[in-house]
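The values are calculated or read from the model by the stated rules, or taken from the named source; none is laboratory data. Here the structure is a predicted model, which means the values were calculated and not measured. Every residue, glycine as well, gets a Cβ built from its backbone with ideal geometry; the counts of neighbours run over all protein chains shown. Each accessible area value is taken on the protein alone, full model and side chains, heavy atoms only, with ligands, DNA and RNA left out. Shrake-Rupley method; radii C 1.70, N 1.55, O 1.52, S 1.80 Å.
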Amino acid sequence: MGKLDNKIALITGGGSGIGRATSLLFANEGASVAVVDWKEEDARKVAGEITQAGGKAIALKADVSKAADAERMVADTVKHFGRLDIIYNNAGIGFARPLHQMSEEEWDRVVDVDLKGVFLGCKYAIPELLKTRGVILSTASVAGIEGIRRMGHYCAAKAGVILLTKSMAMDYSEQGIRVNCICPGVITTPLSETGYDKLTPEKRERARKGAASMHLLQRTGQPEEIARTALFLCSDDASFITGQAVVVDGGWTAGHRMGGQH
Ligand SMILES: NC(=O)c1ccc[n+]([C@@H]2O[C@H](COP(=O)([O-])OP(=O)(O)OC[C@H]3O[C@@H](n4cnc5c(N)ncnc54)[C@H](O)[C@@H]3O)[C@@H](O)[C@H]2O)c1
């Protein structure tokens, strides 16, 4: 028996990284998954992996920052599978830029995808989740808890996701919807390695070691480690958890390290 048997889950950013790992795990645990991504080909590949393994999945193309796309992704999921039990607002983008060098378009793009995308996903999913007493999960970040150099736009958006999560829990818990978010540390995905391809092998190695050293566990996380947390939060194992920002960061936010590591 799977932990998500007979559940219908919509996962945004499902074509890569954390969303891909979560789509595969949810399907393996019995869920039917709508794999949503603006990169349609990537969504198709992940949905194909699921169906080839005997699971149930569809691929949907949507830009989560656009209201019409968000409305359609929910409608198409319900049309195909009959209802919606889980939405995982996971799609996100980010890049480093000092604030005074950031264009208005760059600011808007990150906030539109990372914060407004969560609002739009929830706006259209909630009417369906009210029928099923469903679950909302989103991917925030340690960047929503602590400042990170050159990531002001991303930090602001992710901090917004955390309080949006808590506010929605206040609004919808009495009607049976649980709402949580996950705050990952650095997870090894194409997003966290943005720009690495432009580095020399030595600089790339230094960047990887620098990222690893931010975590008490001295390594970055794997997408599957977030997927397992997502599974927990979306399953009945987490039936008494709502309004929480669950930190999965290898100890990044545990404290400041005076006097070195050991
Ligand atoms: N990787 C990390 O270190 C890390 C840490 C903390 C939080 N996060 C968050 O985790 C989430 C997943 O990131 P990831 O690391 O797996 O990155 P990723 O780049 O591997 O995957 C993100 C996916 O989202 C899709 N996407 C981006 N914008 C979209 C849009 N507007 N509409 C639909 N799809 C869109 C991309 O095409 C991609 O498939 C993001 O919200 C990110 O901010 C990542």
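Test residue 193 against the stated conditions and say whether it is part of a loop (DSSP other than H, G, I, E, B), under 18 Å from the mean Cα position of the chain (by Cα) and not small (Gly, Ala, Ser).
When the stated conditions are applied, residue 193 passes them.
When the range 109-128 is examined, which residues are found to be among the hydrophobic types (A, V, I, L, M, F, W, C) and touching a strand residue (DSSP E or B) at 6+ places or on another chain (Cβ under 7 Å)?
118, 122, 125
Considering only the range 8-30, state which residues are more than 16 Å from the ligand (Cβ to nearest atom) and closer than 17 Å to residue 73 by Cα. Full working, then the answer.
At the first step, the residues of the range 8-30 found to be more than 16 Å from the ligand (Cβ to nearest atom) are 8, 27-30.
Selection gives 8 alone.
Looking only at residues that are open to solvent by 90 Å² or more (accessible area, probe 1.4 Å) and assigned to a helix (DSSP H, G or I) in the range 206-236, which one is farthest from the ligand (Cβ to nearest atom)?
236
Just the residues that are more than 16 Å from residue 158 (Cα to Cα), touching a helix residue (DSSP H, G or I) at 6+ places or on another chain (Cβ under 8 Å) and open to solvent by 30 Å² or more (accessible area, probe 1.4 Å), please, taken from the range 108-133.
123, 124, 128, 130, 133
Among the numbered criteria (1) in a loop (DSSP other than H, G, I, E, B); (2) free of Cβ contacts under 8 Å to residues at least 40 places away in the same chain; (3) within 16 Å of the ligand (Cβ to nearest atom); (4) not hydroxyl-bearing (Ser, Thr, Tyr), which single criterion is violated by residue 43?
Among (1) in a loop (DSSP other than H, G, I, E, B); (2) free of Cβ contacts under 8 Å to residues at least 40 places away in the same chain; (3) within 16 Å of the ligand (Cβ to nearest atom); (4) not hydroxyl-bearing (Ser, Thr, Tyr), the lone unmet condition for residue 43 is (1).
Which condition breaks for residue 150 when tested against (1) modelled with pLDDT of 95 or more; (2) surrounded by fewer than 19 Cβ atoms within 10 Å (Cβ to Cβ); (3) within 12 Å of the ligand (Cβ to nearest atom)?
Status for residue 150: all satisfied but (3).
Look through 145, 177 and report the one residue that is open to solvent by 10 Å² or more (accessible area, probe 1.4 Å) and either within 14 Å of residue 243 (Cβ to Cβ) or touching a Cys at 6+ places or on another chain (Cβ under 8 Å) (or both).
None of the others qualify; the one that does is 145.
Would you confirm, using the coordinates I've provided, whether residue 172 is surrounded by 18 or more Cβ atoms within 10 Å (Cβ to Cβ), assigned to a helix (DSSP H, G or I), free of Cβ contacts under 8 Å to residues at least 60 places away in the same chain and of a type in the set (Phe, Trp, Tyr)?
Considered against the rule, which asks whether it is surrounded by 18 or more Cβ atoms within 10 Å (Cβ to Cβ), assigned to a helix (DSSP H, G or I), free of Cβ contacts under 8 Å to residues at least 60 places away in the same chain and of a type in the set (Phe, Trp, Tyr), residue 172 comes out as yes.
Would you check which residues across the range 18-40 are part of a helix (DSSP H, G or I) and buried (at least 24 other Cβ atoms within 10 Å of the Cβ) and list them?
Matches in the range 18-40: 18, 19, 20, 22, 23, 26, 27.
Residue 182 - would you say it is part of a strand (DSSP E or B) and either open to solvent by 30 Å² or more (accessible area, probe 1.4 Å) or out of contact with any Ser or Thr (no Cβ under 7 Å at 6 or more places or on another chain) (or both)?
no
Take the conditions within 10 Å of the ligand (Cβ to nearest atom), charged (D, E, K, R) and not in a loop (DSSP other than H, G, I, E, B) and apply them to residue 166. Does it pass? It would help to see each step written out before you state the result.
Details: within 10 Å of the ligand (Cβ to nearest atom): no; charged (D, E, K, R): yes; not in a loop (DSSP other than H, G, I, E, B): yes.
It is false that residue 166 is within 10 Å of the ligand (Cβ to nearest atom), charged (D, E, K, R) and not in a loop (DSSP other than H, G, I, E, B).
From the residues in the range 185-205 that are within 19 Å of residue 13 (Cα to Cα) and open to solvent by 80 Å² or more (accessible area, probe 1.4 Å), which one is farthest from the ligand (Cβ to nearest atom)?
Our first condition is that a residue be within 19 Å of residue 13 (Cα to Cα); within the range 185-205, this holds for 185-194.
Pick out the ones that are also open to solvent by 80 Å² or more (accessible area, probe 1.4 Å) and you get 190, 194.
Numbers: 190: 4, 194: 8 Å.
Result: 194.
Identify, please: which residue in the range 58-107 is polar (S, T, N, Q) and within 16 Å of the ligand (Cβ to nearest atom) and is, among those, surrounded by the most Cβ atoms within 10 Å (Cβ to Cβ)? Walk me through it before giving the result.
Residues of the range 58-107 polar (S, T, N, Q): 65, 77, 89-90, 101, 103.
Retained after the next criterion (residues that are within 16 Å of the ligand (Cβ to nearest atom)): 65, 77, 89-90.
On the way: 65: 22, 77: 24, 89: 31, 90: 28.
The residue in question is 89.
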